[in-house]
Amino acid sequence: MKKVFNEISPDKILVTGGAGFIGSNFVHWVVDRHPETHITVLDALTYAGKRENLSGISADRLRFVHGDICDEGLLDELVPDVDAIVHFAAESHNDNSIADPAPFVRTNVMGTFCLLEAARKHRKRFHHISTDEVYGDLALDDPHRFTEETPYRPSSPYSSSKAASDMLVRAWCRTYGVEATISNCSNNYGPRQHVEKFIPRQITNLLCGNRPKLYGDGLNVRDWIHVDDHSSAVWTILTKGRIGETYLIGADGERSNRDVVRAILGAFGESEDDFEWVRDRPGHDRRYAIDSSKLQNELGWRPCYTDFSRGLQETIEWYKTNKDWWFADKDGVEARYNSMGQ
Ligand code: NAD
Ligand code: DAU
């Protein structure tokens, strides 16, 4: 690993969860832009991970290891050989965490603990991927947005397990001197997102001839960011971020769920009111909103996807042309939602 002033250039990184949505987009992003970096992906290939998400990357750039982040013996084999760990692996879906929280505590809390112990033992740089949901929610008319100083107030089993993992990272950094950074990002969209998530669910509903489904009153707000902008932010923090710091990642993309559904219906040429109301999520967070000034001012990061409708259109095209990628998952996901009245 080279170090110039405060900037590092890692030759070898371990990416956990690299076969999932954001992890695989990050791996492709790095492969395309940083030919000096070799990547080892460690992924358990749960329902959310697909080996094919990494297809097309040559073996001299990527090593894929099928395994669990809770496997300490495996971490002892892999971690000594890399410069840095970029930790995406998680159980990531709120509705699943409400139905069955146990895997969230295991992977998100215990898994992060195991990785931190490996980073401590082998003295490796550690970047932890987290979520804006650790800050709870905002009222629709609140003039404030989340900053790095906002107190933690998670609502769901998923967000509380991510909050717990953030606390472990902070403690390992302060007490043991692990060289760690944390990023908390808002809602991502883009290619290869599982059909259980909001935007892919509505796109694939329409592609299957079904109506989009809105929870509650549909006025909940999410702060959308294209997954490539998340990747560039993570790389910026990994290579230039100050050790021990947290950086919020967001791209000023606040939109109500109803507006997003209307935009998707509009892109399909359908009436913008042709959706269904379904049962609300218990404990449903009202609004997320990120102030990313620290990342922008301190590290000079800027998002590229400032036009949501362009990013959404590209995402719709991706699901249209990659039906084989999502079709096998669709019926099972909808059966599970139907059983919950959603
Ligand atoms: P995802 O569910 O699409 O992918 C998770 C990946 O982790 C999968 O490939 C899965 O196989 C793997 N995994 C799960 N348990 C594992 C284990 N025990 N060992 C090894 N691998 C395991 O998730 P995502 O949406 O890509 O999210 C990635 C990360 O980004 C998560 O940490 C999530 O909390 C965070 N995040 C997500 C968003 C978002 O909008 N999706 C926003 C902010 C932060
Ligand atoms: O904010 C970052 C978080 O964003 C990440 O940490 C999570 O991993 C990621 O899943 C996402 O969490 P959300 O719960 O916000 O995302 P989801 O796609 O599940 O839902 C987005 C919004 O859409 C939310 O208000 C619930 C609503 N929704 C969801 C589905 C699946 C609907 O109205 N209808 C639906 O069918």
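Please treat every number below as a calculation from the coordinates, not as lab data. Since the structure is predicted, the reported quantities are computational estimates derived from the model, not experimental observations. So basically every Cβ, Gly included, is an ideal-geometry build from the backbone, and we count neighbours across all protein chains shown.
Quick notes
- Of all DSSP beta bridges confined to the chain, the antiparallel ones make up roughly 15%.
- Whichever lysines have a C-alpha closer than 24 Å to that of K197, once near sequence neighbours (fewer than 8 apart) are set aside: K50, K162, K213, K320, K323, K330
- Highest-first packing order for the peptide set 152-161, 201-210 is 152-161, 201-210, based on the mean count of other beta carbon atoms within 10 Å.
- Loop-resident sites, the stretch 246-319, for trypsin sites (Lys or Arg not before Pro), counting at most 13 other Cβ within 10 Å (DSSP): R279
- Cα long-axis angle, helix 257-267 against the chain (0 to 90 degrees, to the nearest 10): 70
- For F146, the residues whose amide H sits under 5 Å from its own are A289, I290, D291, ignoring neighbours fewer than 5 places away on the same chain, with H placed 1.01 Å from N.
- On Cα atoms only, tilt of 112-122 relative to the major axis of the chain in degrees: 20
- Listed residues G341, T204, I13: farthest to the positive end of the dipole of the chain (Cβ charges): I13
- Mean Cβ neighbour count within 10 Å, used as a protection proxy, ranking 79-90, 116-127 highest first: 79-90, 116-127
- Per residue, the chain reaches -11500 deg cm²/dmol at 222 nm when only DSSP H runs of four or more residues are counted, each adding -39500 (n - 2.57).
- Peptide packing: for 141-148, 106-113, the average count of neighbouring Cβ atoms within 10 Å per residue gives the ranking 106-113, 141-148, highest mean first.
- In this rough spin-label picture, where each label sits 7 Å from Cα along the Cβ direction, the K121-D259 distance is 4.9 nm.
- Distance between the stretch 102-142 and the stretch 199-266 - C-alpha centres, whole angstrom: 19
- For the stretch 1-93, DSSP calls about 20 percent of its internal beta bridges antiparallel.
- Compared with the dominant Cα axis of the chain, that is its longest principal axis, helix 323-339 is turned about 70°.
- The simple spin-label model puts a point 7 Å past each Cα toward its Cβ; for A328 and D307 those points are separated by 3.6 nm.
- Placing pseudo-labels 7 Å out from each Cα toward the beta carbon at E179 and D81 gives an inter-label distance of 2.1 nm.
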